Amino acid sequence: MRLKNFLGLAFLACLWGPSFVFIKVAVQEIPPLTMVVGRVGIAAALLYLMLRLQGRNLPPFGPVWKHFAFLGFIHNALPFALFNWGEQYIDSALAAILNGTTPLFTILLAHFFVTDDRLTPAKVVGALIGFGGLLLLIGPALLGGLQGTTLGLLAVATATVCYAVAIVYSRLSMRGFPPLVAPTAQLSMATLFALPLSLFIEQPYHLPLPSWAALGSLLVLAAMGTALAFVVYYFLIERIGASSISMVTYIIPVVGVILGVTLLDETLAWNAYAGCAFILLGVMIVNGVIPLPALWRRWAGAAV
């Protein structure tokens, strides 16, 4: 991977990593769907302003907008709502760890839909290790029944599957657009999906004004963790494969756990740290950061 692309991935991780802390702070006072509207609406407005300052505009309505609509739903509206809802019941650090499973789901989907991103023995072994970490992380909660914590974990895990679908779909359908066009259109469609649901279900106009901490968290989440992050994301999607761009998520859990523990005084059980370690190990093997020994690779090839 070229240094420029690697630095782009690191920068993207630094933009997305703190998002879980901001979500945890904001969702205490702002309902989940209303948070989605604020996040994607502000981000879309900022990007559209930048687009117009560059003298460009969104493409006319036509077949391409079905791609924007699908990604607005599967990459923004739905997973953002799931993360917001889930973090009402689980720590931000746990959400960050679960987000790290995105590459594992991505490689499975990419194998079937992206011709130059097939499964290899190393990816199979890495995926098995990573999914073992996921089971270790959520297994104890599942054994305890469908309580709030369990449902929160399942909601966030479902959001990571949405991200994986979006990464592969973006790789197949969203290349070749001028800078800012795709993220602006995608976030605009996400706003259209979330706004009526928020008004009908949560009726935010009846709620008290949130604190400055909650509003500030939402604003930073929209401007940095969404608008700027998606500009960087689409810059990278043009240059590297679907599995490679998902590599950013092995940095995000580390950032998320550190911030959750230090800023919010969150405490994690032993299985959370162990699950995180297995997930990170699996993702690193998947992306070739940790190469498998020749004997292990030969055994995995025979197993496949």
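Points worth noting:
- Heavy atoms of Met50: accessible area, 1.4 Å probe, square angstrom to 10: 90
- Distance in nm between pseudo-label sites at Leu142 and Ala223 (7 Å out along the Cβ direction from Cα): 4.2
- Here the Karplus relation 6.51 cos²θ - 1.76 cosθ + 1.60, evaluated at θ = phi - 60°, turns the backbone of the range 86-91 into coupling constants of x, 6, 6, 10, 10, 5 Hz, with x for every Gly and Pro.
- For Ala141, net neighbour charge (Lys/Arg +1, Asp/Glu -1) across residues whose Cβ lies under 15 Å away: -2
- Note: the chain, Cα convex hull, 141 Å³ per residue.
- Label zone at Ala45, where the point sits 7 Å out along the Cα-to-Cβ direction: the range 168-207 residues whose backbone N lies under 11 Å: none
- Normalised contact order of the range 82-222, rounded percent, pairs of Cα under 8 Å and 6 or more residues apart: 32
- With DNA, RNA and ligands ignored, accessible area of Val25 (1.4 Å probe; Å², nearest 10): 40
- Cross-link reach is defined here as a Cα-Cα straight distance under 20 Å, omitting same-chain residues fewer than 8 places apart; for Lys4 the aspartates and glutamates meeting it are Glu238.
- Helical runs (DSSP H, four residues minimum) scored at -39500 (n - 2.57) apiece and divided by the length of the chain put the mean residue ellipticity at 222 nm at -22000 deg cm²/dmol.
- Rounded to the nearest 0.05, the FRET efficiency derived from the C-beta distance between Leu197 and Phe61 at R0 = 25 Å is 0.65.
- Per residue, the solvent-accessible area of the chain (1.4 Å probe, heavy atoms of protein chains only, all protein chains present) comes to 44 Å².
- Here Leu151 and Leu263 are evaluated by their C-beta separation; at R0 = 25 Å the FRET efficiency comes out at 0.50.
- Relative contact order for the chain, counting Cα pairs under 8 Å that sit 6 or more residues apart, in percent: 41
- Residue among Leu51, Leu154, Leu71 with the largest mean-square fluctuation in a Gaussian network model of the chain, springs linking Cα atoms under 10 Å: Leu51
- Of the residues Leu104, Leu263, Gly38, the one whose Cα sits farthest toward the positive end of the charge dipole of the chain, with +1 on the Cβ of Lys and Arg and -1 on the Cβ of Asp and Glu, is Leu104.
- ³J(HN,Hα), Karplus 6.51/-1.76/1.60, whole Hz, each residue of the range 217-230, x for Gly, Pro: 4, 5, 5, 5, 4, 6, 6, 8, x, 10, 4, 5, 4, 6
- Formal net charge of residues neighbouring Pro179 (Cβ-Cβ distance under 14 Å; K, R +1; D, E -1): +3
- Of the residues Gly100, Gly38, Gly176, the one that moves most in a GNM of the chain with alpha-carbon contacts below 10 Å is Gly176.
- With the cut-off at under 20 Å, measuring from each backbone N in the range 6-44 to a point 7 Å along the Cα-to-Cβ line of Leu209 picks out 26-31, 34-35, 38-39, 42.
- Karplus-derived 3J(HN,Hα), 6.51/-1.76/1.60, for each residue of the range 169-175, Hz, glycine and proline x: 5, 4, 4, 7, 10, 10, 9
The values are calculated or read from the model by the stated rules, or taken from the named source; none is laboratory data. Bear in mind the structure is a predicted one, so any value in this text is a computation, not a measurement. Here the Cβ is made from the backbone with ideal geometry for all residues, glycine too, and neighbour counts use every protein chain on show. Heavy atoms of the whole protein, side chains included, go into the accessibility calculation; ligands, DNA and RNA do not. Shrake-Rupley method; radii C 1.70, N 1.55, O 1.52, S 1.80 Å.
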